[in-house]
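First comes the structure, then the notes that go with it.
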Amino acid sequence: MTGTPSPSRRVPSEPGDFPESGPYSLPPLTHRLAARLIDLVIVTLPVVAIAIGFVEVDGGEVRIEDVPWWLLGVQVGVAVVYETVLIAWWGTTVGKWALGMRVVRYADGKRPDVTRASQRSLLPNMFAAVPIAFVSLLQWVVYGSSATHPLRRGWHDRYAGTLVVRSR
C-alpha cells in the first residue's frame, strides 16, 4: 500500500488484500477501542483540570451544577485539534502509537494531510458537541461503524478516505 495507485494496481478492498500480521495489516477492533480510550483520557485531562475549579464542596456535599456549558466546547475543540494535528503530522495519535497503529490514506497508504485528518476528527466530534446525551453518544456509533465494515473503516474513515493499519 505504498506509492501512488496506478492502472495496474488496484486499491485494496478485501481483508485478504492485507497481510495477516505486521505492518499494514488490519488491527483488531479491540486495539482500536483501547487506543480511542487512551486518547479520550488524554483529551479529557485538561478539561477536568479546568472543571475542578468550578466544583464546590459545601458541608461535605459536592456541587457540580455550576460547571459552565462552554466547557463541552473546550472538550470537543481539544479533541479535534489533538487528533487532527497528530494524524496530519505523524499519522498516529498517542493511543494508536502505543498500540502499534497508524492512520493512512486509503488510496495510497500515505499519511493523511490536514484536510483529511480534520475531516476524520470532525465527523464523530460534531456529535460529541451536542449537549444531549442521545446525540453525543452518536459519536460512538460513528466509531462503532468500523465493526461492520470488512476493512474496519468507520464512517469517519470512509468520509476522510482513510484506513487504520498496524505500524509494526
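Coordinate-derived values only; no laboratory data. Here the structure is a predicted model, which is why all the values come from computation and not from measurement. Here the Cβ is made from the backbone with ideal geometry for all residues, glycine too, and neighbour counts use every protein chain on show.
A few points about this structure:
- Crossing angle, helix 29-52 versus the chain [Cα axis fit, 0-90 degrees, rounded to tens]: 30 degrees
- Only Lys, Arg (+1) and Asp, Glu (-1) charged, at Cβ; the range 51-145 dipole about Cα centre in debye: 840 debye
- Computed about its Cα centre, the charge dipole of the chain is approximately 1040 debye, with only Lys, Arg, Asp and Glu carrying charge at their Cβ.
- Of His156, His149, the sequence from fewest to most neighbouring Cβ atoms within 10 angstrom is His149, His156.
- Gaussian network model of the chain, Cα within-10 Å springs - most flexible of Ser146, Ser25, Ser13: Ser13
- In degrees, nearest ten, helix 114-128 long axis to first principal axis of the chain (Cα): 40 degrees
- Shape of the chain, Cα gyration tensor, a/c cut at 1.5: prolate
- When peptides 32-45, 81-94 are ranked by their average number of other Cβ atoms within 10 Å per residue, the highest-first order is 81-94, 32-45.
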